[in-house]
Amino acid sequence: MNLAELFILAVGLSMDAFAVSICKGLSLAETRVRDSVTAGVYFGGFQALMPFIGYMLGIRFQALIQNIDHWIAFVLLCVIGINMIREAKEEEECSASMGVKTMIPLAVATSIDALAVGVTFAFLSVDIIPAITLIGITTFAFSAAGVKIGSVFGSKYKAGAEIAGGVVLVIIGTKILLEHLGILP
């Protein structure tokens, strides 16, 4: 996976956190830089941690499923992508709290898909440290911006962001499969 593909994947993964950050921006009476940084740290941190955990789990099983790893990557990314598209239509309630008890469950919930991507990284032999660093930084930036966008523009972009993220993940999963099958170079 090259840097451009990894960046596109990072953007796709960050869309859930971006959508929740927009929701957070909507719920806050007044947004401060601190609110944007808080959302960025929680969401970016968990988006970096979860693929690392998935990667560590994946490398333990890599040898056992090496013959079908491309199918696993394809199915995981497509399921995650389709789920993001489906969830884009659902209305989310969001509290104005930026406290630990509110942010950790949100950060975990928005990064579960990154855990599955981490498993995929193990099958694709991705260099994990640069990958999770890029995912964390990208998610930090989108989440921090999402809080401000939510306070200024409202929920107008939330569903579109989730749909775009889901489509990106499906495309990447399909590309991995087609490359392995020799259809794409």
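Assorted remarks:
- Taking every residue in the stretch 159-180 that is in contact (Cβ under 8 Å) with a residue 24 or more places away in the chain and surrounded by 19 or more Cβ atoms within 10 Å (Cβ to Cβ) and pairing it with any residue that is in a helix (DSSP H, G or I) and of a type in the set (Lys, Arg), at least 6 positions away or on another chain, the pairs with Cβ-Cβ distances below 9 Å are GLY166/ARG86.
- Subset of the stretch 63-89 that is crowded, with 22+ Cβ neighbours inside 10 Å and small (Gly, Ala, Ser) - its residue that is nearest to the chain's Cα centre (by Cα): GLY81
- Check on ARG60, closer than 28 Å to VAL152 by Cβ and either free of Cβ contacts under 8 Å to residues at least 12 places away in the same chain or loosely packed, with under 15 Cβ neighbours inside 10 Å (or both): no
- Some residue of the stretch 138-149 being under 12 Å from ASP16 (Cβ atoms), surrounded by fewer than 23 Cβ atoms within 10 Å (Cβ to Cβ) and in contact (Cβ under 8 Å) with a residue 24 or more places away in the chain: no
- Scanning the stretch 90-124 for residues that are of a type in the set (S, T, N, Q) and loosely packed, with under 14 Cβ neighbours inside 10 Å yields a count of 2.
- Qualifying position, being within 17 Å of ILE112 (Cβ to Cβ), in contact (Cβ under 8 Å) with a residue 40 or more places away in the chain, among the aliphatic types (A, V, I, L, M) and open to solvent by less than 70 Å² (accessible area, probe 1.4 Å), among LEU13, LEU28: LEU13
- Some residue of the stretch 146-163 being touching a Leu at 6+ places or on another chain (Cβ under 6 Å) and β-branched (Val, Ile, Thr): no
The values are calculated or read from the model by the stated rules, or taken from the named source; none is laboratory data. Fair warning: this is a prediction, and the values are worked out from it, not measured in the lab. All Cβ positions, glycine included, derive from the backbone under ideal geometry; neighbour counts span all protein chains shown. Just the protein is used for accessible areas: all its heavy atoms, side chains included, with ligands, DNA and RNA removed. Shrake-Rupley method; radii C 1.70, N 1.55, O 1.52, S 1.80 Å.
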